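Right, one structure below, let's go through it.
The values are calculated or read from the model by the stated rules, or taken from the named source; none is laboratory data. Everything numeric in this text was worked out from a predicted model, so none of it was measured. Cβ placement follows ideal geometry from the backbone for every residue including glycine, while neighbour counts extend to all protein chains displayed.
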Amino acid sequence: MGWTGRRRRRSQLQLVAFVGLLVLGPKKWRSFCAPTKPSLAKCYLAAPAVRLCTGRLPVQAKQMLVQTARTAYLPRAKVARAAQEGQEATEVRQGPKINLVFLGTYLAYAACYLARNNAAVTKAPLIQVLGAPAMFDSLSAFATPEAALGCLDATFLLAYTIGSFVVPAAVDLDRKDPWQIVWSALTLTGAVQLGLWMTWTSVSEVGFSWPLVFAAGMCCAVNGLAQSILYPACKQLMANEFGARGIVLGFWNTCYYLGGACSTLAAAATCDLLGWQAAYLVPGIFLLGGAFAGNQAVRSGLNKDSTSSSRAEADEGVSKKASSSAARLSDLLWPPDLRLRFVAVQYFVVKLVRYAIGLWLPLLLATSQGGVGADNLLKAIGSAALFDVGSMLGSFGFGAAVDYFGLQALSGMTFVSVAALALMLPLIPQVLASDPSALWILLLGLGLATGGSETSLGSIGPIYCSQTQPTSRQAREYSAATAVASVNGYGSLGTVGAALILPVLAGKAGAAGLGASFAQLAPLAWIASAVAAFQFFTEGKARSKAPASKRTTRNTN
């Protein structure tokens with residue numbers, strides 16, 4: 001057999017192998033590509049297999065077979081999106097676009113915590129600057145400096161809550177460039193940090209002044225509104241690229257905790273090296289520089305491919321989104337599905353506990369170690385960062401567990417994580433006086449439970465509810481963006497309560513102080529775990545009674 005015959009026979013064998021892969025593979029590959037069994041890596045192994053099996057085929061035959069294989073193996077959401085844009089399925093590129101969207105949104109939302117956690121780090125020196133409690137006796141709402149700082153935190157969180165409800169109803173993010181919204185929000189956040197730096201510097205120089213405190217409150221309000229715009233823009237980019245994929249969303253949610261841990265440590269180091277006022281100056285400069293670099297990247301066209309799909313989907317869905325903003329606001333204020341209301345109640349409690357720990361734990365650790373000096377504050381911040389590290393591990397681990405056990409077990413897994421949180425909260429005042437290693441283990445455990453609960457209730461749960469049939473007859477179909485925005489709004493209400501409820505509980509606890517107030521949050525966590533258990537059993541009962549035709553998922557992408 002000559003050289004030409006060997007090439008022909010090799011091509012025939014490769015064609016037979018490829019046809020066998022194409023015939024036997026789609027069912028298995030599609031099971032991994034479905035929303036209930038997400039696995040990007042196995043899905044994208046199809047393209048290298050096609051190239052291996054068709055290495056020496058003619059060019060036209062190779063292009064036809066590669067197009068057929070990619071249409072069969074790619075995630076159905078990406079194939080449908082490519083068809084809507086009038087493109088071939090083979091033109092849907094994978095690596096660079098996904099890396100740009102994931103990495104860009106991850107870093108952008110993690111950076112916004114530089115403008116959040118610095119407020120928790122600077123509480124101790126601010127209390128000393130604001131002066132004795134006698135200054136606040138004239139207004140009962142500001143009986144102590146701690147209460148005044150709590151009101152400033154509540155101002156930021158209340159503005160964030162209002163923005164979470166109002167912005168999706170007033171601004172059609174689908175028709176605007178999400179990247180431009182991200183960079184604009186970061187620019188505004190950085191400018192606000194510079195305003196807070198000037199305000200607190202003036203307070204430290206001239207002393208307490210109500211106009212300066214009012215200016216700080218206005219800066220906190222603008223900061224909350226800006227960051228409420230940033231969150232839905234990042235979620236829109238992620239939803240357009242990945243859909244409801246638990247492992248991807250779980251890994252992306254680690255930006256909350258990684259950004260929180262890094263920003264907390266950075267703020268503490270800045271206070272130690274440059275003074276506590278610099279904890280607002282340095283983040284402002286960093287955010288402005290990052291926003292400028294991001295805008296330059298947008299103008300140079302680096303995100304052109306990643307935003308084209310969202311623009312095409314927005315243009316196609318204009319007629320569906322012609323309803324009034326009042327109707328959309330009603331869906332945000334009152335979730336249209338009973339399951340989503342259960343998720344919103346649980347998320348309210350989880351966010352309240354998480355922000356109570358994030359806002360007041362550094363001050364509690366510093367006071368328990370003998371004072372609020374720079375050395376004790378830095379040690380306390382280092383210990384508190386373990387909570388963020390545990391939250392990051394819990395978020396990623398929960399996403400992996402959801403992929404392993406399936407989305408049907410999501411409510412049961414949420415019950416386990418919230419119940420663990422309720423068990424550990426009463427241990428905080430007991431561990432403060434014990435060995436430091438016990439405190440570190442408890443902080444890691446609290447982070448694991450909080451991270452898993454927040455990932456389940458804030459991202460995976462709402463998207464899963466939006467992609468499955470509603471449990472009640474009155475419920476109507478709704479998008480994943482509406483579900484996430486509504487649940488995030490209720491979680492933001494919990495953050496507002498976290499800023500105010502802990503000082504109130506600490507005042508009632510007397511000498512026990514903040515440590516005992518953390519233990520008093522345990523009943524709320526038990527209520528949330530009971531709701532999760534009830535949801536798990538009701539969903540299982542409804543799933544067993546529902547016919548097979550109604551158990552399928554909806555493709556909302």
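What helices (runs of 4 or more DSSP H), lying completely within the range 275-379, carry at least 2 residues that are of a type outside the set (A, V, I, L, M, F, W, C) and at pLDDT below 60?
Ranges flagged: 304-316.
Is it fair to say Ala475 is of a type outside the set (Lys, Arg), outside any helix (DSSP H, G or I), under 27 Å from Leu407 (Cα atoms) and at pLDDT below 80?
yes
Got a sec? Which of Ala216, Ala191, Ala169, Ala159 is under 21 Å from Ile501 (Cβ atoms), in contact (Cβ under 8 Å) with a residue 24 or more places away in the chain and not charged (D, E, K, R)?
Being under 21 Å from Ile501 (Cβ atoms), in contact (Cβ under 8 Å) with a residue 24 or more places away in the chain and not charged (D, E, K, R) holds for just one of Ala216, Ala191, Ala169, Ala159, which is Ala159.
So if I check each of Ala401, Ala419, which one is surrounded by fewer than 24 Cβ atoms within 10 Å (Cβ to Cβ) and either in a loop (DSSP other than H, G, I, E, B) or within 18 Å of the chain's Cα centre (by Cα) (or both)?
Ala401
Evaluate the range 259-270: report whether one residue or more is outside the structural domain of Leu410 (by TED's automatic domain parsing), within 14 Å of the chain's Cα centre (by Cα) and surrounded by 18 or more Cβ atoms within 10 Å (Cβ to Cβ).
Scanning the range 259-270 turns up at least one residue that is outside the structural domain of Leu410 (by TED's automatic domain parsing), within 14 Å of the chain's Cα centre (by Cα) and surrounded by 18 or more Cβ atoms within 10 Å (Cβ to Cβ).
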